[in-house]
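*Asks:* Pasting a structure below so you can have a look.
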Amino acid sequence: MYFTLTEEQIAVRDAARDFARMELLPGVIERDRHMKFPTEQVKKMGELGFLGMMVSPDYGGGGMDTISYVLAMEEISKVDNSCSVIMSVNNSLVCWGLEKMGTEEQKMKYLPKLTSGEWLGCFCLSEPEAGSDATSQKTTAVDCGDHYLLNGTKNWITNGGSSSLHLVMAQADPLAGSRGICTFIVEASWPGVTIGAKEDKLGIRSSDTHTIMYNDVKVPKENLLSSKGDGFKFAMKTLTGGRIGIASQALGIAAGAYELSLNYSQERKTFGKPISSHQAIAFKLADMATEVEAARLMVHRAAWMKDQGLDFSVAASMAKVFASEVAMKHSIEAVQIHGGYGYVKEYHVERLMRDAKITQIYEGTSEVQRIVISRAILQGQLYQPMWIE
Ligand code: CAA
């Protein structure tokens, strides 16, 4: 068992750290305040290769492993979680799904645009009545010979207003239940695609979250992704990888909250000494450092399992549920350590606290992760317990 990073992985982490400090930190408070989409920053992420990190160089990607991806996600999430969710959806949900399940023509046509940042992509599964209960798709796809006709509404779509490509899940055979669901590659410019108003959110405020309406959208047959009826399995497989991305985002929030608290507590003095010298604060720092490290190990293990071709779905759910709870808990602690300063925008921790909440909700709520984990336990998939024959 090795816990060391390769030189390449360290170089990726350091590049992401520099990018976060130099390009994301200036302006992050203003973008959050005004819900301003980070257009320039996303363009630079494309130029630096952060938008298609794991995609093969044959399609314009970086050909990197998942460990490199989570290292970059952690660094960027310490500063700007609107940028890291844009990055996560484009990498884990859209590019990964297209590369794994697309035809050669689909990959050649779309991946170079997505990896370079010329286009962004979004993943359209959630609906007004199908969030956690994702098989209850009301969006329909009717087979019309050489094309499908798509009708329905998708909710809470990250990158919804800025994406040129949508991966859309829709029900093509209601009698078949989840086995009737298909995934389609839809171009945002096609007739019948309407983008609703941008959501005014608690956190990740400069990311772009929209309702999207599909009204008699003609989707050519060649834009069916994977095979007919495979769309739900596609969504689940893709989301399993996505959960590692969101777990690394949560890890970045927790690590950012810890680092800011450590700095502040060594500078701020009360009763004649730095507050880090008071046991009340020192013990908080100890708990933060310990749980951030535990979350990091879980995120890296899930990423490593994915790179090894192992079944990583339980590891991904465990990493997401744990890291997101650590992010929430320690971003609240960070505000407490900063006292009155923590409650104002200038010190960054209140933003991290607002951003943390969504990591317990999107790409499968904490409750959904517990469904995945408990099913695996009860089906005996975890490990062989000593006490149970
Ligand atoms: N890989 C492959 N196949 C899978 C799978 C996986 N990880 N999980 C389930 N399946 C298959 C099952 O084997 C089953 O197939 P068969 O019919 O052939 O047996 C089929 O899918 C249906 O599975 P279930 O019976 O387990 O389905 P369920 O209704 O009980 O739901 C669930 C299970 C885990 C709750 C699932 O619905 C789920 O994950 N819900 C949450 C959805 C979610 O994460 N949404 C996030 C939206 S995207 C987003 O948030 C992006 C963003 O903006 C940042």
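The values are calculated or read from the model by the stated rules, or taken from the named source; none is laboratory data. This one's a predicted model, so the numbers in the text were calculated from it and none came from an experiment. Neighbour counts run over all protein chains shown; Cβ positions are idealised from the backbone, glycine included. Side chains are part of the model used for accessible areas, which takes the heavy atoms of the whole protein and leaves out ligands, DNA and RNA. Shrake-Rupley method; radii C 1.70, N 1.55, O 1.52, S 1.80 Å.
*Asks:* Anything in region 175-220 that is touching a residue at least 24 places away in the same chain (Cβ under 8 Å), under 24 Å from the mean Cα position of the chain (by Cα) and open to solvent by 70 Å² or more (accessible area, probe 1.4 Å)? List them, or say none.
*Replies:* Answer for region 175-220, where residues must be touching a residue at least 24 places away in the same chain (Cβ under 8 Å), under 24 Å from the mean Cα position of the chain (by Cα) and open to solvent by 70 Å² or more (accessible area, probe 1.4 Å): D200, L202.
*Asks:* Here's a follow-up. Within region 215-273, how many residues turn out to be of a type in the set (A, V, I, L, M, F, W, C), more than 10 Å from the ligand (Cβ to nearest atom) and under 30 Å from G152 (Cβ atoms)? Walk me through it before giving the result.
*Replies:* To start, the set of residues in region 215-273 that are of a type in the set (A, V, I, L, M, F, W, C) comprises 217, 219, 224-225, 232, 234-236, 239, 244, 246-247, 250-251, 253-255, 257, 260, 262, 271.
If we keep only those that are more than 10 Å from the ligand (Cβ to nearest atom) as well, we get 217, 219, 224-225, 244, 247, 250-251, 253-255, 257, 260, 262, 271.
Add one more test, that the residue is under 30 Å from G152 (Cβ atoms), and what stays is 217, 219, 224-225, 244, 247.
The number of residues fulfilling the criteria is 6.
*Asks:* Okay, moving on. Answer with yes or no whether A172 is in contact with a helix residue (DSSP H, G or I) (Cβ under 6 Å, 6 or more places away or on another chain) and not β-branched (V, I, T).
*Replies:* When the stated conditions are applied, A172 passes them.
*Asks:* Can you pull out every residue in region 35-70 that is in contact with an Asp or Glu (Cβ under 7 Å, 6 or more places away or on another chain), part of a helix (DSSP H, G or I) and open to solvent by 40 Å² or more (accessible area, probe 1.4 Å)?
*Replies:* Residue satisfying the conditions is K44 alone.
*Asks:* List pairs: first residue in region 275-301 and in the same structural domain as S261 (by TED's automatic domain parsing) and outside any helix (DSSP H, G or I), second residue at pLDDT 95 or above and open to solvent by 70 Å² or more (accessible area, probe 1.4 Å) anywhere in the structure, Cβ distance under 9 angstrom, at least six positions apart or on different chains.
*Replies:* Filtered contacts from region 275-301: H278/F271.
*Asks:* Just to check your reading of the model, which residue among K320, K329 is surrounded by fewer than 19 Cβ atoms within 10 Å (Cβ to Cβ) and within 21 Å of the chain's Cα centre (by Cα)?
*Replies:* K329
*Asks:* Follow-up question, since we're still on this one. Can you work out which of the residues in region 349-389 that are free of Cβ contacts under 8 Å to residues at least 12 places away in the same chain and among the polar types (S, T, N, Q) is farthest from the ligand (Cβ to nearest atom)? Break it down stepwise before answering.
*Replies:* Kept after step one, since they are free of Cβ contacts under 8 Å to residues at least 12 places away in the same chain, are these residues of region 349-389: 361, 371, 374-375, 377-380, 383-389.
If we keep only those that are among the polar types (S, T, N, Q) as well, we get 374, 379, 384.
Numbers: S374: 11, Q379: 11, Q384: 22 Å.
Top of the filtered list is Q384.
*Asks:* If K113 satisfies all but one of (1) closer than 21 Å to M35 by Cβ; (2) in the same structural domain as L24 (by TED's automatic domain parsing); (3) not acidic (D, E), what's the number of the condition it fails?
*Replies:* (1)
*Asks:* Given the criteria in contact with a helix residue (DSSP H, G or I) (Cβ under 7 Å, 6 or more places away or on another chain) and within 12 Å of the ligand (Cβ to nearest atom), does I204 qualify?
*Replies:* For I204, the condition - in contact with a helix residue (DSSP H, G or I) (Cβ under 7 Å, 6 or more places away or on another chain) and within 12 Å of the ligand (Cβ to nearest atom) - is met.
*Asks:* Right, another one. Scan region 232-259 and report the pairs whose first residue is in contact (Cβ under 8 Å) with a residue 24 or more places away in the chain and whose second residue is open to solvent by 10 Å² or more (accessible area, probe 1.4 Å) and in a helix (DSSP H, G or I), with Cβ atoms within less than 6 Å and a gap of 6+ or a chain change.
*Replies:* Sorted first by the residue in region 232-259, then by its partner, the pairs are F232/S178; F234/M101; T240/S313; G241/W96; L251/R296.
*Asks:* Check off (1) under 18 Å from G342 (Cα atoms); (2) surrounded by fewer than 21 Cβ atoms within 10 Å (Cβ to Cβ) for A255 and give me the number that stays unchecked.
*Replies:* All conditions pass for A255, except number (2).
*Asks:* Do any strands (runs of 3 or more DSSP E) lying entirely in region 73-163 carry at least 2 residues that are more than 14 Å from the ligand (Cβ to nearest atom), and which ones are they?
*Replies:* 140-143, 147-158
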